[in-house]
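Student: For reference, the structure I am asking about is given below.
The values are calculated or read from the model by the stated rules, or taken from the named source; none is laboratory data. Here the structure is a predicted model, which means the values were calculated and not measured. Neighbour counts are summed over all protein chains in view; Cβ atoms, including those assigned to glycine, are modelled from backbone coordinates with ideal geometry.
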Amino acid sequence: MNPEQNGSLTNGHLALQYFTNRHQFTKQFAEYLNDSPPPTKILFFHGDGGNGKSLLLKFLREKYCKQFLPTIWQQLKTQSHDELTTAIEKVEQYTPIPTALLDFGHNEQSRDHFYSLLMLRRHLGIAAKKLKYKFKFPHYDFACVWYLHQSGKSKEEIKTLFPPEEMELIGVIMDALAQSFWANLIRSIISTLTKYSGLHLGLAWQQLGLDKHWVEQIKAMNPDKALINQLPHWFAQDLNAIMQTDNAPSRIVLFFDTHDAFWGHEHNLPQESFFYRDEWLRQLLSDLELSTGIMVVIAGREEPRWANSPKFMISQEKIETQLVWPLSEADALIYLQNADISETDLQQALIQYASVKPNQVHPFFLSLCADVVLAAKQRGTTLNALDFATIPEMNLKSKELTNRLLRYVDKEIEYAIHALSACRTFNRELYFTLGDALHFNATPPTFEIITQFSFVWHSQSEESENGYRIHDLLRRLYHQQRNVTKTEAHGILEQHYRKQEKVAEAIYHSYYQNPARGIEEWNEVFITADNLRNETLCRTLQKIRNELVF
Amino acid sequence: MSNFTENQERIGFLKGKAAQASGNYFARLGRHEIALEEYQQALAAYESVYQTLPDFAEAQKNKKTVRDKLRELFGHWFVVLGKWLQNEFDKATEAGWLTLEEIFGTAIPAMPRKRAIKRAKQIDLGTEKLALVMDIKELTQEISVILRIYPLGKQTHLPDNLKFTVIPTSGEAHEYLAQSHHPAFETEWFYKHGEQFSVKMQLNDMTVTEDFVI
């Protein structure tokens, strides 16, 4: 594949082809997957924004979630970091591992202690089905359905939240709940699960442990004060049980990206508020039995402070932290060669430009540099080393590189990028909506070009395969700049989300046009939602408030 | 509201309202520790508006509502020093905060400062018995709090290695180490209404912490 024709380096699948270095992490990951007994630490990758943590997670998930026969693994393990990386890709005999990825930076739901678990459960269900495993979460599903039922959700609404293969089970639970007769409820659940799992009734009872006492305990719980806080526990309990069944995979991997999104730009929160943000995650991780083969891989800018948390403390010994550092010059060179930038002087100039320290090349800057060269080439301009001879201050590099890049793209695209920087996430539909309203020429080819830039990321949500977001480094840069297009885009987006009755999202865009108006509406809507016990809206608004830092 | 034209103050006030509403929300969910932080944030925002616009009635009213809420929610485990200023000592007495006479008997140490409210509590750190004395006084815009610690019983000086730490809700904790053979220790702090702090006393492996809200 010729990147010149695609204009992209680090985006999505293409980026994985140019993924460079990180052999040490790859080897460590492979050891976690293949060593016996399974290591019981959480693998936590941390490092500055743009250092390639998300790409590393994508890479590990897509290329290295493989388990080898012990004899093959013993041979592989003796190889050096670099050799192992190549060898793993070549070995054809392996067992694929079910995985799920949750990107906390995707949207407020991905950080929500109710919806994020539901997403994770859904992703795991889908991953298991693909590999012909059967994952059942009886306690979690029941508690979750009961919570949604208590929150006034209809049967149809609830069914859409679970994986398709669970539809019948969820329907049965809902019908039984409607009759408020626990014996019927249990009989229905057991009968359905028996059908699915092929277990005889007595064994199903024993295995599920959904007895009268437990069900009554759940039903007696206050949904918003107690039940919702127990969901991570039951999720973990069910997953632990899954991993102990005879037909379970020997490993599963849970990936969590953008851990820092729980706090956004807030750095000085009081202790309780700080630790509240990722409390459900700590509870989940505390309750997972990693010795059963559950592997947890997390990426975030900062090392976790979980050892200091007042609730669900996770000690430092249970976490393997790894600093994701910038690329070495040698690896940066390989990256540029992979991207078909072969002129030696230009390579050296780009590496110098993208360096943060001697022999430390910032992957995000490097990918932007490459984007600039390739975009210019597409316009018939060949850039050389002299074009990158003047190196700006570190904090100006993103701005300078983006401005250069925009110089080599059509005005329409430049306009579109400014407009899209107002979006938290966008898709094709939103792109065309903005194009119509702001009168830029939004076409499928320009959309393809934009979504292939290195600063545009595929959204990491299985629910919205075609979602994108502009890299946080760049969005932050654009937020600091006054730009008429961006402000107009916020206005269009506000109206767009009002039509869709997504009030929290509308408030977000209202705030960026007029902070006082945004906070005023937030207050009105939040107080009403709190009075009406609309917990979902309350939680969503809280997350919007955290993101806007007010 | 007529003076309330500056956008900065308006945003500050609205942020206070957002924090107050969030405090109510977390209090309803039983997450009192987070509610407390939100209420403190609300009070700080209203206080900031008050500095510029002292006649802004809605900010003043909200400030009072938040203070009442803090007392309602936290009075039972925090020592609410604001109540002392209103001459209410029922809950303080229940929590062991007594008059100086009740703690020291006739041997009350000399403590300067007129018109200040003084209460003391016996602190047991293993075999060592100490008295923590709170000396509070309302100033124009803040409350002065003098924290003193004395030996009790036959001891005439503080034990060696006694650590005394004042921990604010936000910001760094200040740790003091008692000087050898010193008869007492004191430190003065200034707080605003609604602010919270803790005092930790540590001797070897024994620790006692007292939590306060103004």
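Student: Condition first: away from chain A (no Cβ under 14 Å), of a type in the set (D, E) and surrounded by fewer than 20 Cβ atoms within 10 Å (Cβ to Cβ). Can you find one or more residues in segment B:20-38 that meet it?
Tutor: Checked segment B:20-38: no residue is away from chain A (no Cβ under 14 Å), of a type in the set (D, E) and surrounded by fewer than 20 Cβ atoms within 10 Å (Cβ to Cβ).
Student: Moving on to the next point. Evaluate the following for A:N523: is it modelled with pLDDT under 95 and not assigned by TED's automatic domain parsing to the domain that holds A:L55?
Tutor: no
Student: I would also like to ask the following. Testing A:A506 on (1) within 10 Å of chain B (Cβ to nearest Cβ); (2) farther than 30 Å from A:G52 by Cβ, one condition comes back false. Which one is that?
Tutor: (1)
Student: Separate question: Consider A:R498 carefully, then state whether it is surrounded by fewer than 18 Cβ atoms within 10 Å (Cβ to Cβ), under 27 Å from the mean Cα position of the chain (by Cα) and more than 13 Å from every other protein chain (Cβ to nearest Cβ).
Tutor: yes
Let's see how each residue does on (1) assigned by TED's automatic domain parsing to the domain that holds A:A504; (2) at pLDDT 90 or above:
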residue	(1), (2)
A:C369	no, yes
A:V373	no, yes
A:Y415	yes, no
A:C423	yes, yes
A:T451	yes, no
A:F455	yes, no
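Student: Among the residues of segment A:367-376, are any free of Cβ contacts under 8 Å to residues at least 60 places away in the same chain and of a type outside the set (A, V, I, L, M, F, W, C)?
Tutor: No.
Student: Okay, moving on. If I filter segment B:72-109 down to residues being assigned to a helix (DSSP H, G or I), touching a residue at least 24 places away in the same chain (Cβ under 8 Å) and within 14 Å of the chain's Cα centre (by Cα), which single residue comes out as surrounded by the fewest Cβ atoms within 10 Å (Cβ to Cβ)?
Tutor: Filtering segment B:72-109 for residues that are assigned to a helix (DSSP H, G or I), touching a residue at least 24 places away in the same chain (Cβ under 8 Å) and within 14 Å of the chain's Cα centre (by Cα), the one surrounded by the fewest Cβ atoms within 10 Å (Cβ to Cβ) comes out as B:L85.
Student: Among the listed residues A:E266, A:E289, which satisfies the condition of being within 31 Å of the chain's Cα centre (by Cα), at pLDDT 95 or above and in the same structural domain as A:A30 (by TED's automatic domain parsing)?
Tutor: Answer to the selection: A:E289.
Student: Go through segment B:47-58 residue by residue and tally those that are in a helix (DSSP H, G or I) and away from chain A (no Cβ under 14 Å).
Tutor: The qualifying residues number 5.
Student: Mind listing just one residue for me: the one in segment A:509-524 that is surrounded by 19 or more Cβ atoms within 10 Å (Cβ to Cβ) and among the hydrophobic types (A, V, I, L, M, F, W, C) and, of those, farthest from the other protein chains (Cβ to nearest Cβ)?
Tutor: A:W522
Student: Go through segment A:525-550 residue by residue and tally those that are facing another protein chain (nearest Cβ under 10 Å), farther than 27 Å from A:H267 by Cβ and within 26 Å of the chain's Cα centre (by Cα).
Tutor: So the count comes out to 1.
Student: Next question. Does A:N359 qualify as being touching a Pro at 6+ places or on another chain (Cβ under 9 Å), under 22 Å from A:K53 (Cβ atoms) and of a type outside the set (V, I, T)?
Tutor: So A:N359 fits the description; yes.
Student: Restricting to segment A:292-307, what's the tally of residues that are under 18 Å from the mean Cα position of the chain (by Cα) and either closer than 20 Å to A:M243 by Cα or crowded, with 19+ Cβ neighbours inside 10 Å (or both)?
Tutor: Of the residues in segment A:292-307, 7 are under 18 Å from the mean Cα position of the chain (by Cα) and either closer than 20 Å to A:M243 by Cα or crowded, with 19+ Cβ neighbours inside 10 Å (or both).
Student: Also: Scan segment A:85-117 for residues that are crowded, with 19+ Cβ neighbours inside 10 Å and part of a helix (DSSP H, G or I) and jot them down.
Tutor: A:T85, A:I88, A:E108, A:S110, A:R111, A:S116, A:L117, listed by residue number.
Student: Step by step: first the residues of segment B:8-19, then only those that are more than 7 Å from chain A (Cβ to nearest Cβ) and at pLDDT 90 or above, then the one that is nearest to A:E272 (Cα to Cα). Which residue is that?
Tutor: B:A19
Student: In segment B:62-80, is there at least one residue being at pLDDT below 85 and of a type in the set (D, E)?
Tutor: Looking through segment B:62-80, at least one residue is at pLDDT below 85 and of a type in the set (D, E).
Student: Output the residue which, of all residues in segment A:378-393 that are among the aliphatic types (A, V, I, L, M) and assigned to a helix (DSSP H, G or I), is nearest to A:L56 (Cα to Cα).
Tutor: A:A385
Every residue, every condition in (1) modelled with pLDDT of 90 or more; (2) farther than 18 Å from B:L81 by Cβ; (3) among the hydroxyl-bearing types (S, T, Y), yes or no:
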| position | (1), (2), (3) |
| --- | --- |
| B:L98 | yes, no, no |
| B:E101 | yes, yes, no |
| B:G105 | no, yes, no |
| B:A110 | no, yes, no |
| B:R113 | no, no, no |
| B:A116 | no, no, no |
| B:K121 | yes, no, no |
| B:E128 | no, yes, no |
| B:D135 | yes, no, no |
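Student: Something else about it: Is at least one residue of segment A:139-150 among the polar types (S, T, N, Q), at pLDDT 75 or above and closer than 18 Å to A:S116 by Cα?
Tutor: No, the conditions are met nowhere in segment A:139-150.
Student: Of the residues that make up segment B:150-163, is at least one at pLDDT 90 or above, outside any strand (DSSP E or B) and more than 17 Å from B:L177 (Cα to Cα)?
Tutor: Yes, because at least one residue in segment B:150-163 is at pLDDT 90 or above, outside any strand (DSSP E or B) and more than 17 Å from B:L177 (Cα to Cα).
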